[in-house]
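Student: After the structure tokens below, expect a handful of questions from me.
The values are calculated or read from the model by the stated rules, or taken from the named source; none is laboratory data. For clarity, every value in this text was computed on a predicted model and none was experimentally measured. As a convention, Cβ positions derive from the backbone with ideal geometry for all residues, glycine included, and neighbour counts pool all protein chains shown. Surface areas here come from the heavy atoms of the whole protein model, side chains and all, with no ligands, DNA or RNA. Shrake-Rupley method; radii C 1.70, N 1.55, O 1.52, S 1.80 Å.
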Amino acid sequence: MKIRMLMLAALCASAIPASARNYCGEPTGQEWDYRTATPQMMSVLEGRHFTEDIEMGIAGYSGKQGDIGAEYDYTLTKMPNHPRALNSVVRLAPRYSSGKMPGGRMLIECYFERAVRIFPDDPTTWFAYARYQFLKGKDAQALTMMEKAYEMSPDDASINYNLGLVYAKQKKYDQALPYAQKAYALKFPLPALKQMLVKAGKWVEPPPMPEEPAEQAEANASAAAAASAAAAASTAPAASATSTASAVKTC
């Protein structure tokens, strides 16, 4: 695992110009990893610096729009791979033609650049950066980053959907089809990708999923129920599949 992380870090560093890395700032080594964050860490961030109003882009902690960038600076400097914060930045970025949120010191793209540089083994960071690049019209870079996310998390419905959508937008329908089939087999809810393939005459229904043994199905149902209960009790629910894919304009 350590060797893989080093290889990913080296790959990430080679893909990003040194000037961009210097501009966005070097990591301190004290960043928090969302995947291993404690309740206390989440309380610090989400109790003050990433409230519901901040997440929705309504206002910063002071209640004013003018300091919302400072709150995102803090949140994504302290925890660069916070998935909901990255998702919000993708959604809010079109508001700010300057490339910077009001009150922020950091360019919007730096949030993503730092995320993949500090946590290159987290598919969430590559997926978020890919969506931002796609939003900016940089389809080639978006595709490369989406493929990295897929390599790390091939059974993620949102990644399969968005990767298929990138290929479909390039009219590479045969390449888009298996990702689309997998996304819908995994119950991804948005229909745009399937509609594109149907219109192009390229949609093929996926083969039926193999039936699970009764004991395994019961265990999976119990696990799903436990996960739903945990999500309902959590003060920081994960972004839904629908919001995760919202940066893709055809959605």
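Student: Quick check: at a probe of 1.4 Å, how many percent of the accessible area of the stretch 99-165 sits on carbon and sulfur atoms? List each step's numbers first, then the result.
Tutor: Details: 1020 of 2140 Å².
In the stretch 99-165, the share of accessible area belonging to carbon and sulfur is 48 percent.
Student: Please work out how much accessible surface D155 shows to a 1.4 Å probe, ignoring ligands, DNA and RNA, in Å² rounded to 10.
Tutor: 110
Student: Still on this structure: So how do 163-169, 143-149 stack up, highest first, on mean other-Cβ count within 10 Å? Provide the component values of the computation, followed by the final result.
Tutor: Numbers: 163-169: 23.9, 143-149: 21.3.
Descending packing order for the listed peptides: 163-169, 143-149.
Student: Leaving out ligands and nucleic acids, note down the accessible area per residue over the stretch 25-163 with a 1.4 angstrom probe, in whole Å². Provide the component values of the computation, followed by the final result.
Tutor: On the way: 5730 Å² over 139 residues.
With the other protein chains kept in place, the stretch 25-163 gives 41 Å² per residue.
Student: Sort E113, E26, E52, E31 by accessible area with a 1.4 Å probe, largest first. Numbers along the way, then the final one.
Tutor: Details: E113 5, E26 115, E52 140, E31 30 Å².
The most accessible residue leads, giving E52, E26, E31, E113.
Student: Which order do R91, R117, R105 take by accessible area at a 1.4 Å probe, largest first?
Tutor: Details: R91 90, R117 35, R105 200 Å².
Final ranking, largest accessible area leading: R105, R91, R117.
Student: Anything over 19 Å Cα to Cα? Flag those among K169/K202; K171/K199; K148/K182; K138/K172; K100/K148, in the order listed.
Tutor: Working: K169/K202 13 Å; K171/K199 11 Å; K148/K182 17 Å; K138/K172 17 Å; K100/K148 26 Å.
Long pairs (Cα-Cα over 19 Å): K100/K148.
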